Every structure is written in C-alpha cells, then in structure tokens.
Amino acid sequence: MHLTAENLAARRGEDLIFANISFHLAAGEALVLTGRNGSGKSTLLRVVAGLLRPEKGTVIFHDGESREGRRPGEVSHYLGHRNAMKNELTVVENLDFWRSFLGNAGLSVEDAADAVGLSEITHLPFAYLSAGQQRRIAFAKLLVAHRPVWILDEPTAALDASADRLFAGLIEAHLAQGGIVLAATHQPLGLRNVQELKMTGFAGVDQGVWG
C-alpha cells in the first residue's frame, strides 16, 4: 500500500500556489507539511483528498486491488479546519451519521468517544461543546469508519497539551496498523520518525523542500 504524488501544481484563481510537489508514502509512514500561512499547505491537502483539481501532476493510491490505482479520496479521511458536524445534533447522532455514511468497519460510537476522552458527554448537542471538545469529537469521526489514509489540516487546533498527546497517540496507532498520514501543522505533532515537507515561497511559487 502506498500513496504517490508526482509533480503536483495548483492555482487559486490566477495565482500559482505551488508547483513541482512530489512525495511517496508507504504503509506506516507519515508526512508533515510545514510553512508560513498562505504557503499552500491546505491547498495541497485538498488536492490530495480530491477536493481540488490540480493544475498539473497526479496523485494515486495503490493497495494491490487495482492495477491503475485508486483516487486517494476514495480511501481517505479528511479533517479540515471545520469539524463537519451539525450543531443541532447530539454527539452520538453526528458520529452515528458518519459511521453509517462512511461504513461500519471502525470503532463503535461509544468506543470512539472514549478514545478521545469524551464518553460522558455524547448525549449533548454538538453546539454545547467547547472548541477543544468539538475538535476531539471531529477526530473521533476518523475512528468510527476505517480509512487507510488520514489527511489532517491543523488537527490539534484549539487543543491543550494533554489533548495534543492523546491525538499523537491515536495517529501513532493508525501508523502502527499500516495506515498513512499526511498532515499540515504550525506546531509539532509529537510524532516519531516522520518526514517533513516545508512549503516555501520562491518567485511567487511555493516549492516543497524535504527535511
């Protein structure tokens, strides 16, 4: 199983945001995107997730089931800046929806809520939760349905140090099970043995610099 991007480029309107981005991730590997605001980190994640069309290049997921490979969006969880939850629904109702919509091959709603330390508040409407609690429940969505690729945009936003460590443990567990992680962040995620791709501006075009 592996995720491969070759010579990716993307535009926002008339502006070329980045070009010549390539990477290869095998099972159990993670790539962290770093760089200043506006450097193209979120845009690159959306391109990989299939939410934006690239200006140039390809990104393919191979798992042995198809000779041509598959689109990463078919096998990925995408956690963006928004939590993708309905405020008027309870935590249980939100997670039940995602578990049914994405497939039931993950943790139960109860176990997923327990994994993020919020098993006692699943009866509450999502809007009643603090920003940090909402982010934890958004992460629980990744646990209720299995996807081999996790695409995470600032996953620890609004979280305290203890929640940072909890998330790092969940990401490490996903990697240990052969998953793949692609994440953008402004702060360390506490992960071991990860690759880094620093998005840097060059003559108006952001390139990738491996670290």
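The values are calculated or read from the model by the stated rules, or taken from the named source; none is laboratory data. Given the structure is predicted, the values throughout are model-derived calculations rather than measurements. Virtual Cβ from ideal backbone geometry, glycine too; neighbours counted across all protein chains shown.
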For the range 79-100 the number of residues that are within 23 Å of Val48 (Cβ to Cβ), surrounded by fewer than 16 Cβ atoms within 10 Å (Cβ to Cβ) and in contact (Cβ under 8 Å) with a residue 40 or more places away in the chain is 2
The lone condition Glu172 fails out of (1) without any contact (Cβ under 8 Å) to a residue 24 or more places away in the chain; (2) surrounded by 15 or more Cβ atoms within 10 Å (Cβ to Cβ); (3) farther than 27 Å from Ser22 by Cβ is (3)
Expected single match for over 12 Å from His77 (Cα atoms) and either in a loop (DSSP other than H, G, I, E, B) or not assigned by TED's automatic domain parsing to the domain that holds Leu3 (or both) among Leu170, Leu166, Leu142, Leu191 is Leu191
Being of a type in the set (Val, Ile, Thr) and more than 20 Å from the chain's Cα centre (by Cα) narrows Val116, Val59, Val47, Val91 down to just Val91
(message) Against the condition crowded, with 16+ Cβ neighbours inside 10 Å and not polar (S, T, N, Q), how does Asp114 come out, does it pass?
(response) yes
* **Boolean, Ile17 is outside any loop (DSSP other than H, G, I, E, B), in contact with a strand residue (DSSP E or B) (Cβ under 9 Å, 6 or more places away or on another chain) and closer than 22 Å to Leu189 by Cβ** => no
Looking across the range 5-53 at residues that are more than 20 Å from Leu79 (Cα to Cα) and polar (S, T, N, Q), the single one that is surrounded by the fewest Cβ atoms within 10 Å (Cβ to Cβ) is Asn7
